[in-house]
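Shown next, in structure tokens, is the structure this report addresses.
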Amino acid sequence: MSDIYKKIEELSLKIPKHTSSIGRYNMMTVFGENYLYTSGTGCAKDGKPLVVGHLGKDVSLEEGKKATRQCALNILANAQECIGDLNRISKIIKMTVFIASAGEFHEQSAVADGASELFSALLGAENQGVRSAIGVSALPNGQSAEIEVLFELQKTGKKESEC
């Protein structure tokens with residue numbers, strides 16, 4: 001398995017500071033010996049939503065992809081805070097992408113590609129898992145995208161829980 005931190009550097013990316021929940025819930029939970037499940041994680045950057053609005057109305061496809069890519073980076077930041085080392089991530093089992101969409105917008109899958117392309121570059125195409133892209137009427141703080149992921153982790157032999 002290759003080093004995810006090296007790939008992040010090669011792509012000229014930076015893992016942001018981990019985000020906090022905006023309600024009464026845990027950001028992530030580790031269950032079984034080797035699964036990490038994230039709560040919905042938005043596209044905030046530096047504490048503010050990076051992209052606000054509805055795809056097909058006031059947000060372009062490219063802005064939407066930028067939003068889902070930021071969601072993915074935020075998920076990695078939170079995962080790093082939770083499990084300590086992103087190299088423990090073996091693969092994505094399932095990713096669900098929620099996209100704030102105008103009624104006539106039907107390109108949710110293309111918007112979700114922003115996150116899928118990033119995860120594929122970091123984990124390898126064979127480890128990107130299955131995905132759903134769902135149009136919704138609204139997301140917290142007006143954000144254009146929110147993502148939740150179920151990761152498979154390398155086993156460590158120690159019991160972990162909520163993060």
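Below are the figures for this structure:
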{"read-out": "Accessible area of the range 15-143 divided out per residue, in Å², using a probe of 1.4 angstrom", "value": "47"}
{"read-out": "The range 65-76 - phi-based ³J(HN,Hα) in whole Hz, Karplus 6.51/-1.76/1.60, Gly and Pro as x", "value": "5, 4, 5, 5, 5, 5, 4, 4, 5, 5, 4, 5"}
{"read-out": "Extension gain from S120 to R24, taking 0.36 nm per residue of separation minus the Cα-Cα distance", "value": "31.4 nm"}
{"read-out": "From the coordinates shown, Rg/Rh (Cα atoms, Kirkwood Rh) corresponds to which of [x] 1.23; [y] 0.96; [z] 0.98", "value": "[y]"}
{"read-out": "Calculated [θ] (222 nm, deg cm²/dmol) that DSSP helices of n ≥ 4 give over the chain, each run adding -39,500 (n - 2.57)", "value": "-9500 deg cm²/dmol"}
{"read-out": "The chain, relative contact order in percent, only Cα pairs under 8 angstrom and at least six apart counted", "value": "35"}
{"read-out": "Greater than 20 Å apart at Cα, pairs in K48/K94; K91/K155; K45/K94; K14/K94; K14/K48; K7/K91", "value": "K48/K94; K45/K94; K14/K94"}
{"read-out": "Percentage relative contact order, the range 82-163, counting C-alpha pairs under 8 Å, at least six apart", "value": "50"}
{"read-out": "Accessible area of the chain belonging to carbon and sulfur atoms, whole % at 1.4 Å probe", "value": "48"}
{"read-out": "Approximate spin-label separation Y37-S90, in nm, with each point projected 7 Å along Cα-to-Cβ", "value": "1.8"}
{"read-out": "Cα-centred dipole magnitude for the chain, charges only on beta-carbon of K, R (+1) and D, E (-1), debye, nearest 20", "value": "320"}
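The values are calculated or read from the model by the stated rules, or taken from the named source; none is laboratory data. What you see is a predicted model, and the numbers here were worked out from it, not measured in a lab. Positions of Cβ are backbone-derived with ideal geometry, glycine not excepted, and every protein chain shown enters the neighbour counts. Note: accessible area is taken over every heavy atom of the protein model, side chains too, but ligands, DNA and RNA are not part of it. Shrake-Rupley method; radii C 1.70, N 1.55, O 1.52, S 1.80 Å.
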